[in-house]
1. Can you find a residue in segment B:105-113 that is outside the structural domain of B:Leu34 (by TED's automatic domain parsing), crowded, with 16+ Cβ neighbours inside 10 Å and within 25 Å of B:Lys43 (Cβ to Cβ)?
2. With A:Ala25, A:Ala62, A:Ala14 as the choices, which residue is outside any helix (DSSP H, G or I) and either aliphatic (A, V, I, L, M) or at pLDDT below 80 (or both)?
3. Could you tell me whether segment B:80-93 includes any residue that is of a type in the set (S, T, N, Q), surrounded by 17 or more Cβ atoms within 10 Å (Cβ to Cβ) and not in a helix (DSSP H, G or I)?
4. Which residues, counting only those in segment B:90-131, are away from every other protein chain (no Cβ under 14 Å) and either among the charged types (D, E, K, R) or within 30 Å of B:Gln155 (Cα to Cα) (or both)?
5. Going by the structure shown, is B:Ser160 more than 25 Å from A:Lys13 (Cβ to Cβ), at pLDDT 85 or above and not assigned by TED's automatic domain parsing to the domain that holds B:His26?
6. Take B:Gln29 and tell me if it is farther than 21 Å from B:Gln155 by Cβ, of a type in the set (S, T, N, Q) and within 22 Å of the chain's Cα centre (by Cα).
7. B:Leu99 - would you say it is closer than 18 Å to B:Leu125 by Cα, at pLDDT 95 or above and either surrounded by 14 or more Cβ atoms within 10 Å (Cβ to Cβ) or under 20 Å from the mean Cα position of the chain (by Cα) (or both)?
8. Please work out which residue is modelled with the lowest pLDDT, limiting yourself to segment B:71-95 and to residues that are of a type outside the set (A, V, I, L, M, F, W, C) and touching a Pro at 6+ places or on another chain (Cβ under 7 Å).
Amino acid sequence: MLMTNEKNDRLFKAARNEAPPAPDAAFDTRVMAAIRRSTHQQTFSILDRINLLFPRIVFASAAIIASCLLIEVGVGMFSHSDLSSKVAEISEQWIFAAN
Amino acid sequence: MNDDAEILARIRHGATDDFAELIQRHKSQVFAILYRYERDHHKLEDLAQETFLRAWRSLSQFDARAPFNHWLARIAVNVALDHLRKIKRQQAEISLADLGDDVLDWLSGPDDRSDLESKQAAELLTFAMRDLSPAEQVVITMQELEGRSVKEIAQRTGSSGVAVRVRAMRARAKLRQALERIQNTCL
């Protein structure tokens with residue numbers, strides 16, 4: 001069976017008359033709240049992130065420095081020379097070998 | 001529309017809460033546009049909210065050359081297009097059985113049967129339109145259900161008049177084929 005032009009048109013005509021549902025009473029409030037949230041995020045997101053990130057960066061740096069110092073002290077206690085002189089010695093040998 | 005211009009001027013001068021007035025004035029229009037593409041009320045509200053959010057974010061780009069409601073309608077159409085692309089990927093949400101016996105009887109019956117109810121007709125069209133691309137769905141909806149001219153559709157979709165005509169022709173042919181396929185399934 002073919003879908004005739006007339007039947008097609010009648011289908012469109014019937015569908016055209018359908019009324020859309022009315023928006024909820026709280027719709028405006030909800031949209032405004034979403035707008036405020038998005039505005040707040042847009043304005044403060046970078047600052048907030050830096051503020052959140054900064055103490056972590058400081059803490060991470062302090063932890064790295066402290067662990068380096070501990071390694072230095074530990075290596076110094078178990079060997080006669082300290083770590084920096086060992087590193088200098090190795091690098092001198094390497095440069096000498098390369099030349 | 002002068003009132004819209006006044007509200008927009010107030011918003012630009014810092015009265016951001018006055019955007020609620022624009023929502024109040026235009027929400028029915030936005031719902032009417034989006035309801036052609038999404039029938040679930042919750043999803044429809046989400047799409048309407050997305051439309052107003054996009055309008056808010058790009059309010060600085062509104063140059064008032066066209067009335068505010070035309071500009072907002074264009075945003076709503078873009079939101080609908082994005083939504084159709086998304087649900088196209090997720091595939092069908094309604095099955096043939098969901099349409100109901102009345103609709104299937106009407107489709108497979110003779111031409112002189114009484115018309116379908118508007119809700120049933122809209123559901124049938126939504127079902128059949130799944131075979132169309134999102135752009136074709138938008139064009140055929142605007143042309144046949146909203147009664148818009150090619151020029152208006154071109155303005156609202158940002159396409160050329162020729163592209164709209166071609167899409168409308170292709171959409172009508174595809175829609176007819178889809179309806180015939182449903183007819184054959186019913187027999």
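1. Checked against the condition, which is being outside the structural domain of B:Leu34 (by TED's automatic domain parsing), crowded, with 16+ Cβ neighbours inside 10 Å and within 25 Å of B:Lys43 (Cβ to Cβ), segment B:105-113 yields no hits at all.
2. Step by step, each of A:Ala25, A:Ala62, A:Ala14 is checked, and only A:Ala25 is outside any helix (DSSP H, G or I) and either aliphatic (A, V, I, L, M) or at pLDDT below 80 (or both).
3. Checking segment B:80-93: not a single residue is of a type in the set (S, T, N, Q), surrounded by 17 or more Cβ atoms within 10 Å (Cβ to Cβ) and not in a helix (DSSP H, G or I).
4. B:Gln90, B:Gln91, B:Ala92, B:Glu93, B:Asp98, B:Asp101, B:Arg130
5. Yes, satisfied.
6. Numbers: farther than 21 Å from B:Gln155 by Cβ: no; of a type in the set (S, T, N, Q): yes; within 22 Å of the chain's Cα centre (by Cα): yes.
It is false that B:Gln29 is farther than 21 Å from B:Gln155 by Cβ, of a type in the set (S, T, N, Q) and within 22 Å of the chain's Cα centre (by Cα).
7. In short, no.
8. Applying the filter and picking the extreme gives B:Lys88.
The values are calculated or read from the model by the stated rules, or taken from the named source; none is laboratory data. Quantities reported herein were computed from a predicted structural model and do not represent experimental measurements. Cβ atoms come from the backbone with ideal geometry, glycine included; neighbour counts cover every protein chain shown.
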